[in-house]
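Undergrad: My questions will all concern the structure given below.
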Amino acid sequence: MTSLNFVEDGLEKASLGIIAGGIGYAIARDIITELGLREAIPILKIGTPFPFPAGIVEAFIERCAPCVGPRRTEPGDRASNT
């Protein structure tokens, strides 16, 4: 289902890319919009994590290196304390 997994820009190459889904996608999009970086930082939205869309992710990583993937954490989650 490619229509649920998509990149939010038309840049050929970028110095940073974001891969996110769910609330992490919404938060990342809001932050880069507030910073005025919407045109400079592409976001790959993962709408269907299963089956994982490996092809679109690999293509995105090739054009945007490095990539980051924000993760939602809950209070008390070990990952949020590191």
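Undergrad: To the nearest 500 deg cm²/dmol, what mean residue ellipticity at 222 nm is calculated for the chain from DSSP H runs of n ≥ 4 alone, each contributing -39,500 (n - 2.57), summed and divided by the residues?
TA: My calculation for the chain gives -8500 deg cm²/dmol from helical runs alone.
Undergrad: Taking the Cβ of Ile43 as the center, what net charge do the other residues with Cβ under 10 Å away carry, scoring Lys and Arg +1 and Asp and Glu -1?
TA: Summing Lys/Arg as +1 and Asp/Glu as -1 gives +1.
Undergrad: What share of the DSSP beta bridges in the chain is antiparallel, in percent to the nearest 5?
TA: Bridges in the chain that DSSP calls antiparallel: roughly 25 percent.
Undergrad: Sticking with this one: If only Cα atoms are counted, what is the Rg of segment 2-69, and what is its Dmax, in Å?
TA: When restricted to the Cα atoms of segment 2-69, Rg and Dmax are 11.1, 33 Å.
Undergrad: About the Cα centre, and with charges only on the beta carbon of Lys, Arg (+1) and Asp, Glu (-1), how big is the dipole of the chain? Nearest 20 debye, please.
TA: Here the size comes out at about 160 debye.
Undergrad: While we're looking at this one, here's another question. Local charge sum around Ala20 (other residues, Cβ-Cβ under 11 Å, Lys/Arg +1, Asp/Glu -1)?
TA: +3
Undergrad: As I understand it, the dipole of the chain uses +1 on the Cβ of Lys and Arg and -1 on the Cβ of Asp and Glu, about the Cα centre. Which of Leu44, Pro70, Leu4 lies farthest toward its positive end?
TA: Pro70
Any read-out appearing in this document is the output of simple, stated calculations on the displayed coordinates, not a laboratory observation. Not measured: the values here are computed from a predicted model. Neighbour counts run over all protein chains shown; Cβ positions are idealised from the backbone, glycine included.
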